[in-house]
Every structure is written in C-alpha cells, then in structure tokens.
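Undergrad: Quick one: structure below, then a few questions.
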Amino acid sequence: MNELSTYLIVAAILFSMGLLGLLQRRNLIGMLISIELMLNGASLNFMAFNRFLAPEPAVGQIVTLFIMGLAAAEAAIGLSIILALFRRMHSINVERAQQLRG
C-alpha cells in the first residue's frame, strides 16, 4: 500500500487528467484548472521520489515549494489575463480570444 508505484500511478492519473482537460476545454478558467492539476501531479512525483529514493529529505520538498510558488504566480497572471479578456470580449472562450490576433 505504501509503495512508490502507488504514488506514481496517482500522479500519472492527475497529470493525464490535467492534460486531457487542457486539450478538451475551450474555457480559459477550465484550462487554468487543468494546468494546476498537471502541476500537482508533478509535485506528487517529486515528493514520492523524495520519500523513497532521495538520501537528502529536503530536496523534494524544496522543489515542491518552488512548484507551488510557480503555480500561484501562474494563477495570478492567468486570472488577470482572463479578466482583461473578459472585459474586452465579454467571453472567456478560446475561439473568441483568437480574434484578437492582428
């Protein structure tokens, strides 16, 4: 039950759900949530490898904290872009956002 393969399977499921959601969504907020799922899957991988394979226990935790900071910055910037797009286009649909090319 408490094996490395269990954690890796759960992380792979999280990452693949995020990738599937990113490819299927047309809503920018749904795409942002999918990216967060992918980052959580990667963080779980780092923590699992840290727990079972790394001699230094703080390395995986530091990398995971860096990923969490990156996810917070990505969410803040992504939400500000979505808000600006909504103010201009009155929609957060990706197809309507492609009309901004010029």
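Undergrad: If contacts are Cα pairs under 8 angstrom and at least 6 residues apart, what is the relative contact order of the stretch 4-100 in percent? Working shown, then result.
TA: Working: 93 pairs, mean separation 26.8, N = 97.
It rounds to 28 percent for the stretch 4-100.
Undergrad: May I ask you to give the average projected area over all directions of the convex hull of the Cα atoms of the stretch 1-50, in nm² rounded to one decimal? Write down the numbers at each step before the final one.
TA: Working: hull surface 12.6 nm².
The number I arrive at for the stretch 1-50 is 3.2 nm².
Undergrad: In the stretch 7-102, which trypsin sites (Lys or Arg not before Pro) fall in coil by DSSP and have 11 or fewer other Cβ atoms within 10 Å? Please report the intermediate quantities before stating the final value.
TA: Working: sites: ARG25, ARG26, ARG51, ARG87, ARG88, ARG96, ARG101; in loops: ARG25, ARG26, ARG101.
Qualifying residues, ordered by number: ARG101.
Undergrad: Still on this structure: What ³J(HN,Hα) values, in whole Hz, does the Karplus curve 6.51 cos²θ - 1.76 cosθ + 1.60 give for the stretch 76-87 when θ = phi - 60°, with x put for Gly and Pro?
TA: Those phi angles translate into 5, 5, x, 5, 5, 5, 5, 5, 5, 5, 5, 5 Hz.
Undergrad: Report Rg (one decimal) and Dmax (nearest whole number) for the chain, counting Cα atoms only, units Å.
TA: Cα-based Rg and Dmax for the chain come out at 17.0, 55 Å.
Undergrad: In addition: Give the residue from VAL63, ASN93, VAL10 lying farthest towards the positive end of the charge dipole for the chain; charges sit on Cβ (+1 for Lys and Arg, -1 for Asp and Glu) and the dipole is referred to the Cα centre.
TA: ASN93
Undergrad: Could you work out the helix-only [θ] at 222 nm for the chain, with each DSSP H run of four or more residues adding -39,500 (n - 2.57) and the total divided by the number of residues, to the nearest 500 deg cm²/dmol? Mind dumping the intermediate values first?
TA: Working: 4 runs with 82 residues, N = 102.
Using -39500 (n - 2.57) per qualifying helix, the result is -28000 deg cm²/dmol.
Undergrad: Using the basic label-point model (7 angstrom from Cα toward the beta carbon), what is the LEU8 to SER80 distance in nanometres?
TA: The modelled label-to-label distance comes out at 3.9 nm.
Undergrad: Continuing with the same structure: Explain nothing, just compute: Karplus ³J(HN,Hα) = 6.51 cos²θ - 1.76 cosθ + 1.60, θ = phi - 60°, for every residue of the stretch 12-21 in order, whole Hz, x for Gly and Pro.
TA: Residue by residue, the stretch 12-21 yields 5, 5, 4, 5, 5, 5, x, 5, 5, x Hz.
Undergrad: I've got another one for you. Note the full-extension length gain between ILE33 and VAL94 as 0.36 nm times their separation in residues minus their Cα-Cα distance, in nm to one decimal.
TA: Working: separation 61, 0.36 × 61 = 21.96 nm, distance 1.47 nm.
Answer, rounded to one decimal: 20.5 nm.
Any read-out appearing in this document is the output of simple, stated calculations on the displayed coordinates, not a laboratory observation. Predicted, not measured: the structure shown is a model, and the values here were computed from it. Virtual Cβ from ideal backbone geometry, glycine too; neighbours counted across all protein chains shown.
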